[in-house]
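Here the structure is laid out as structure tokens; the discussion comes afterwards.
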Amino acid sequence: MDRTQWNLEEKRLKQVYKMICRELSRREVEVNAYRNILTSTGRSIWEEVDHTWEYLDTDAAADIKQAIDILKQENQKYEIARRQLYKLERLKRSCYFGRIDFTEKGYPDTEEIYIGIMSFFDEQGNILVYDWRAPVSSIFYDFELGPAFYKCPEGIIEGKVSLKRQYRIKEDSLEFMLDTGIKIDDELLQEILSRNTDEKMRSIVNTIQKEQNRIIRDETHQLLMVQGVAGSGKTSIALHRIAYLLYKYRDTNLTSRNILIFSPNTVFNDYISNVLPELGEENMQQTTFEEYMEKLAGKDIAFETGSSHMEYILTAHGRKEYQPRLKGIAYKSTMDFYHLLNDYADYLEHGIPFDDIVFRDQVIVSRQIMRDMFFNDYASMPLVKRLEKLKIRLYYLIRPAWHKRLRELEEQLKENPEHKEKAKAYSRLFVYREFKPVREKIEAMLSFDLYKAFCDLFENTGLFAQVAKDRLPDDYQAVCKSTAARLRLKMLGYEDISAYVYLKGKLEGFPHVSQIRHVVVDEAQDYTPVQFAILRQLFPKIRMTLLGDFNQTVNPLKETFGYEQAAKIMSLDNYAILKLTKGYRSTADIVNFTRCILKGDNNIESIQRPGEKPQLIVADDENHLLQRLVDDIRQLVNDGMESIGIICKTAAASKQVYSSIRGKIKATLLTQDDVNFSRGIMVLPVYLAKGLEFDAAIVYGADKATYSLDQDRKLFYTACTRALHRLHLLCAGEVTPLIEDIPAEYYEVKKG
């Protein structure tokens with residue numbers, strides 16, 4: 001780099017840094033002032049407002065309301081100032097990371113555009129740093145030197161890029177500067193990717209690639225579905241997409257409270273919790289699909305957790321008594337089962353036993369009138385609400401007959417001198433008794449027990465076969481028997497809770513979630529058609545982003561399912577499927593090895609970051625294997641690996657390994673109940689490792705006994721792709737056949 005250019009950039013950096021520090025100091029004073037005002041306002045309210053008042057004392061209530069409103073206003077001012085201060089603190093750490101020189105078509109002047117995590121103006125209102133989400137900043141990610149354009153509210157702005165420069169800046173120190181004419185330069189990307197992983201996911205704002213930027217800034221599609229290979233940055237892209245949307249639609253009052261992300265587990269929520277704050281935004285609402293099911297199912301319904309479900313699937317192979325349920329789990333992940341539930345809801349709707357309402361041999365409400373109301377007047381309501389509405393209507397329609405009979409009895413009783421004075425009371429009692437069969441008939445005809453209806457589907461195999469038609473699973477009677485046995489105990493399997501919640505929503509109605517305006521679903525490849533249908537019903541009109549990699553489906557029983565099918569279930573025409581084929585997590589040697597696990601054609605590219613070949617460590621027996629594990633961990637730590645994931649197939653295996661090494665190595669056991677992710681040495685099952693990454697990944701149990709079946713292939717691939725720099729596979733006995741076709745030059749074998 002020309003020294004003159006370096007000096008100029010260094011001089012500008014120090015000037016911008018001084019201005020940021022000056023603004024930061026001003027904001028600190030402002031925040032402290034607002035904090036003091038907030039405190040004094042609260043104290044004044046406490047001291048001056050009457051805290052006790054008598055019932056219906058409206059003046060005192062008005063005083064309290066006014067005081068609370070004042071406190072809310074002051075708190076809002078404080079929060080806005082505090083968030084601005086936090087953004088400036090982030091900007092101070094690194095003022096900007098990129099620059100483009102852009103000459104707009106038709107104008108002679110070239111503008112120097114510096115790009116950082118947020119916009120920063122000088123006192124005259126000149127932009128010193130552009131927010132990376134600003135329309136013009138897209139040029140930095142999307143174009144080489146030469147013709148370029150960007151979209152803004154005024155339309156498309158065309159021009160020419162004459163310079164593209166990248167920086168690594170720490171406060172007022174310029175540590176690295178590079179001119180590049182093609183893309184976010186591999187030299188900078190390599191340097192960033194070669195570092196050790198942080199305790200939590202970090203932003204990638206300074207290394208966003210063109211294909212990633214396209215996803216981040218997509219505003220066209222209501223449903224955006226991303227198929228990305230392992231390590232392609234799917235989750236990070238989704239979080240940057242959220243930050244972009246919050247920036248883009250800030251004038252429409254879109255806030256982080258309006259965005260919901262479904263994470264694969266609670267630990268992952270913690271793992272990604274730093275990204276949005278790093279970008280100057282508050283974290284969105286985070287949940288898991290399991291947590292949502294718990295809310296929707298109701299308090300009386302108990303069900304198996306997702307982790308326990310996976311544990312069952314992965315440990316039940318070859319056990320004859322478990323085969324009916326395993327077949328049921330496989331079937332309930334199919335489109336056939338989704339269609340069956342829809343057909344069953346339709347069957348229940350058309351199976352209401354409407355019958356004439358008769359009183360004293362007279363039809364007072366005909367079955368046809370009831371059918372017309374049910375199928376026409378109330379057709380927009382779900383079944384249970386329709387029945388309730390119809391019940392209320394029937395009680396109204398029988399009132400004329402009730403009153404007529406009441407008058408008849410009154411007249412009759414008045415003719416009897418003994419009952420004349422009490423004729424009205426007696427007649428009411430008699431009519432109530434006479435109409436009891438009518439009331440009982442209405443209640444019996446229009447009552448509906450949802451749980452019983454769900455149980456009936458599986459307890460009555462003839463009914464199941466009738467509804468399923470030509471979509472019956474193999475050995476469906478055993479599948480139904482297995483399911484019905486659990487339902488009678490009121491302990492639903494994880495595969496059944498989604499079916500129950502979906503049927504409940506179809507028949508009772510799904511709750512209206514008005515606050516949420518955008519939903520992100522991570523690890524979407526593990527969702528079944530029924531689960532996608534629940535999302536469709538919960539969030540029918542809002543924008544949604546799905547992220548997944550169908551090569552990392554951890555449930556080996558789940559039917560192959562693509563985004564095209566998901567789009568059909570979502571019933572949205574305005575959708576797009578975007579693919580990310582390049583992985584940035586692992587070294588080229590690890591990617592070469594892992595993509596061979598999948599077999600067949602897989603379009604998986606890697607950034608050419610060099611590293612060590614994966615190692616296959618084969619021990620004589622289990623005891624020797626545990627010692628090799630301890631020795632291997634110590635060596636990896638000595639080599640500078642700060643986070644090491646010991647990835648087992650199941651939670652049971654993880655617990656056993658952890659118990660064996662805990663006295664020799666300081667490690668942490670990650671379980672389904674954990675909510676925090678911490679750096680260091682971690683032992684965990686592969687299904688909890690989804691989305692996580694480690695400096696070194698040790699796949700424990702890479703033997704034939706553990707990973708023997710072809711259906712284990714994607715699970716094994718998921719385990720191996722957690723590694724950034726080192727991948728070691730440990731086994732005792734015969735090596736897993738899943739790597740037998742991998743060329744020998746792609747890995748090293750160490751025995752003994």
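The values are calculated or read from the model by the stated rules, or taken from the named source; none is laboratory data. Only a predicted model underlies this, so the values are computations on that prediction, with no experimental measurement involved. With ideal geometry, Cβ positions are generated from the backbone for all residues, glycine too; neighbour counts draw on all protein chains shown. The accessibility values were calculated without ligands, DNA or RNA, using every heavy atom of the protein model including side chains. Shrake-Rupley method; radii C 1.70, N 1.55, O 1.52, S 1.80 Å.
Structure values in brief
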| item | result |
| --- | --- |
| Burial ranking of peptide ranges 243-251, 106-114 (average Cβ count within 10 Å, highest at the top) | 243-251, 106-114 |
| Environment charge of TYR378, counting only residues whose C-beta is closer than 13 Å and scoring Lys/Arg +1, Asp/Glu -1 | +2 |
| Distance cut-off 42 Å, percentage of C-alpha pairs in the chain lying past it | 46 percent |
| Candidate lysines for bridging to LYS200, where Cα separation is under 24 Å - those fewer than 8 sequence places away on the same chain excluded | LYS87, LYS92, LYS170, LYS234, LYS582, LYS649, LYS655, LYS666, LYS690 |
| Top positive-direction residue, dipole computed over the chain with Cβ charges, set GLN635, SER654, HIS728 | SER654 |
| Probe 1.4 Å, accessible area per residue of the stretch 401-542, Å² | 51 Å² |
| The chain - share of DSSP beta bridges that are antiparallel (%, nearest 5) | 35 percent |
| Spatial separation of Cα centroids for the stretch 675-747 and the stretch 450-527, in angstrom | 33 Å |
| Charge dipole (debye, nearest 20) of the stretch 397-479; +1 at Cβ of Lys and Arg, -1 at Cβ of Asp and Glu | 720 debye |
| Net charge dipole size for the chain [Lys, Arg +1 and Asp, Glu -1 on Cβ; Debye, nearest 20] | 1220 debye |
| In the stretch 209-284, the GluC sites (Glu not before Pro) that fall in loop regions by DSSP, at most 15 other Cβ within 10 Å | GLU219, GLU282 |
| Cβ-based charge dipole, the chain, positive-most Cα from ASN258, ALA484, VAL358 | VAL358 |
| Heavy-atom accessible surface of the chain: percent carbon and sulfur, 1.4 Å | 48 percent |
| Helix-only [θ]222 nm of the chain, DSSP H runs n ≥ 4, -39500 (n - 2.57) each, per residue, nearest 500 | -14500 deg cm²/dmol |
| Under the Debye formula (equal points on every Cα, no solvent term), log10 I(q)/I(0) of the stretch 67-190 at q = 0.12, 0.22, 0.23 Å⁻¹ | -0.55, -1.30, -1.37 |
| Estimated dipole of the stretch 547-588 in Debye, rounded to 20 [Cβ of Lys and Arg +1, of Asp and Glu -1, Cα centre] | 200 debye |
| Cα centroid separation - the stretch 75-147 against the stretch 318-370, whole Å | 59 Å |
| Fully extended contour minus Cα-Cα distance, from THR581 to ASN75, at 0.36 nm per residue | 177.5 nm |
| For the stretch 545-598: accessible area per residue (Å², 1.4 Å) | 34 Å² |
| For ILE364, net neighbour charge (Lys/Arg +1, Asp/Glu -1) across residues whose Cβ lies under 14 Å away | +4 |
| Residue-level accessible surface for LYS170, protein heavy atoms, 1.4 Å, Å² | 130 Å² |
| Farthest positive-ward along the stretch 224-317 dipole, Cα basis, beta-carbon charges - from TYR249, VAL226, MET293 | TYR249 |
